[in-house]
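Input: a single structure, listed below in structure tokens.
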């Protein structure tokens with residue numbers, strides 16, 4: 001494991017949502033990835049599914065929501081041997097006009113896309129990738145945009161799973 005990965009374990013195996021009224025934390029149930037060809041392009045798909053909240057704000061505590069976050073990095077030249085410590089990529093927008101499809105889906109009480117997404121591979125061991133993903137979403141209790149956007153952060157070991165496929169179109 002790389003030194004930087006060893007030194008930064010504050011969010012390991014947790015999803016952190018930095019909201020306007022405080023941080024919420026969710027234990028990660030599963031974190032998976034898959035690289036496959038889809039409509040002539042390579043799709044690197046990441047999926048995070050949570051367990052119940054570790055810490056929630058008062059305004060969402062009654063929701064009892066399990067959340068999930070899917071991100072799809074689509075390109076012509078993504079190869080599995082690129083997926084190692086030091087790999088970094090961005091998915092700036094949730095919806096891609098050129099591809100006419102959604103690249104991200106963040107589900108809490110509603111489905112919405114995440115934006116300004118950054119994906120960093122910190123380490124690799126066989127088919128597992130230690131990944132840090134950050135992104136921004138509308139606040140999960142104020143989807144109308146009346147509150148500042150929330151930042152979402154995940155750092156976890158993602159396991160390769162051939163069933164992890166793009167679900168949003």
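General remarks:
- Shape of region 4-93, Cα gyration tensor, a/c cut at 1.5: prolate
- Listed peptides 123-131, 14-22, 91-99 by packing density, highest first (mean Cβ within 10 Å): 14-22, 123-131, 91-99
- Taking 0.36 nm per residue of sequence separation and removing the Cα-Cα distance, the residue 161/residue 120 pair yields an extension gain of 12.9 nm.
- The listed peptides 136-145, 160-169, 64-73, ordered by packing as a protection proxy, come out as 64-73, 136-145, 160-169 (highest mean of other Cβ atoms within 10 Å first).
- Stokes-Einstein translational diffusion, the chain - Kirkwood Rh over all Cα pairs, 0.890 mPa s, 25 °C, in µm²/s: 151
- Cβ-Cβ FRET estimate between residue 95 and residue 63, R0 fixed at 30 Å, reported to 0.05: 0.75
- Measuring r between the beta carbons of residue 18 and residue 87 and using R0 = 41 Å, the FRET efficiency lands at 0.95.
Where a number appears in this text, it was derived from the coordinates with a stated rule and is not lab data. Predicted, not measured: the structure shown is a model, and the values here were computed from it. So basically every Cβ, Gly included, is an ideal-geometry build from the backbone, and we count neighbours across all protein chains shown.
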